[in-house]
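Engineer: Mind looking over this structure? Questions follow.
Nothing in this text is a laboratory measurement; each read-out follows from the coordinates by a stated rule. Since this is a predicted model, take the numbers as computed values, not measurements. When we count neighbours, we look across all protein chains shown, and the Cβ atoms used for this are built from the backbone with ideal geometry, even at glycine.
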Amino acid sequence: MIASSLVLEGVDVKASKLFFGNAHEKGADRIAAHYALPADFYKAIPFDQDLASLAKERLLSKTCSDFEAVDFMELESPDLAYNMLIVVLVKKQIESINLVLKHQNAENIFVDCGFSKNQVFMSMLAFHYHNKKVYAAEVTQATALGAALAIHDVWNPNPVGEDLIKLKLCS
C-alpha cells in the first residue's frame with residue numbers, strides 16, 4: 001500500500017496505490033477452477049447490491065478478511081464467491097484511500113488501471129464513498145503519461161490535449 005503526496009502547479013495532489021492485481025488473478029483463478037469456468041468469467045458478472053451485501057455479511061460472519069480462507073463448498077454460486085473476493089479487495093482499497101483522506105477531504109476519487117474497468121469493484125467503491133464522486137479513469141500508459149505531463153513545459157511547446165483521460169462517473 002502506497003500513499004503519497006505530489007505538488008502540481010502549487011496544488012497538493014494526494015495519491016494512493018495498491019498493487020493487488022495478482023491477488024485478484026489468484027482469487028479469480030480459484031473460483032474459475034472450483035466452478036469449472038473460463039478464466040475471465042468475472043467480466044460477465046454485473047454489480048448486484050444484494051449480492052454484494054450478502055458477500056460482505058458472509059465474510060463478517062466468519063471474521064475472515066482473507067479470501068484464501070473462503071470455502072467455496074459453502075457458497076451458492078461463483079457470483080457470490082467473486083463478490084466476496086471483491087469485498088476483500090475493496091476493503092483494502094478503502095484503507096488505502098482513507099490514509100490519503102485522513103488529513104484532507106477530497107470531493108473526487110479517481111481510479112485507473114485494470115480495476116477501473118471492473119464494474120463490481122467500482123460500484124462497491126462508489127457505494128462506500130456515496131458522499132464523493134468516484135470516477136473510473138481510462139488512461140493509456142498512465143505512468144508514462146504522468147511523467148510526460150510533469151515535464152510537459154520543458155519538452156513540448158504545444159498545449160496539453162484535453163482528451164488524454166476519459167472519465168466515467170460511477171454510482
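Engineer: With a point put 7 Å past each Cα toward its Cβ, work out how far SER61 is from LEU99 in nm, to one decimal.
Structural biologist: 3.3 nm
Engineer: Still on this structure, please answer the following. Multiply the residue separation of LEU145 and PHE20 by 0.36 nm, subtract the distance between their alpha-carbon atoms, and state the gained length in nm to one decimal. Walk me through the numbers on the way to the answer.
Structural biologist: Details: separation 125, 0.36 × 125 = 45.00 nm, distance 2.16 nm.
Gain in length upon complete extension: 42.8 nm.
Engineer: While we're on this one: Classify the range 81-121 as rounded, prolate or oblate, taking a ≥ b ≥ c as the square roots of the eigenvalues of its Cα gyration tensor: rounded when a/c is under 1.5, otherwise prolate if a/b is larger than b/c and oblate if not. Spell out each step's value before the answer.
Structural biologist: Working: a/c = 3.14, a/b = 1.65, b/c = 1.91.
Note, shape of the range 81-121 comes out oblate.
Engineer: Still on this structure, please answer the following. So for the range 2-170, averaging the separation of alpha carbon pairs under 8 Å that are six or more residues apart and normalising by length, what relative contact order in percent results?
Structural biologist: Computed over the range 2-170, the figure is 21 percent.
Engineer: Which of LEU89, LEU169 has the fewest other C-beta atoms within 10 Å, and how do the rest follow up to the most?
Structural biologist: The fewest-first ordering by Cβ neighbours comes to LEU169, LEU89.
Engineer: Among the helices of the chain (complete DSSP H runs), which have Cα atoms covering no less than 27 Å along the helix axis and a Kyte-Doolittle mean of at least -1.0?
Structural biologist: TM-like helix candidates: 78-101.
Engineer: Per q in 0.17, 0.20 Å⁻¹, report the Debye log10 I(q)/I(0) for the range 2-170, using one uniform scatterer on each alpha carbon and no solvent.
Structural biologist: -1.09, -1.39
Engineer: Between ASP48 and GLU76, what is the spin-label point distance in nm, taking each point 7 Å from the Cα along the Cα→C-beta axis?
Structural biologist: If labels sit at ASP48 and GLU76, their model points lie 0.8 nm apart.
Engineer: Measuring from label point to label point, each 7 Å out along Cα→Cβ, what is the PHE110 to GLU138 span in nm?
Structural biologist: 1.6 nm
Engineer: Please state the charge dipole magnitude for the chain, taken about the Cα centre, from unit charges on C-beta atoms (+1 on K and R, -1 on D and E), reported in debye and rounded to the nearest 20.
Structural biologist: It works out to roughly 260 debye.
Engineer: Quick one, what does Rg over Rh come out to for the range 58-127 if you take C-alpha atoms and the Kirkwood Rh? The partial results should precede the final answer.
Structural biologist: Details: Rg = 13.9 Å, Rh = 13.5 Å.
Computed over Cα atoms, the ratio is 1.03.
Engineer: Among PHE127, SER96, SER53, which residue has its Cα furthest toward the positive end of the charge dipole of the chain, with +1 on Lys/Arg Cβ and -1 on Asp/Glu Cβ?
Structural biologist: SER96
Engineer: Once R0 is set to 22 Å, what does the formula 1/(1 + (r/R0)^6) return for the Cβ-Cβ distance between LYS91 and PHE41, expressed as a FRET efficiency to the nearest 0.05?
Structural biologist: Step by step, r from the Cβ atoms, then E = 0.50.
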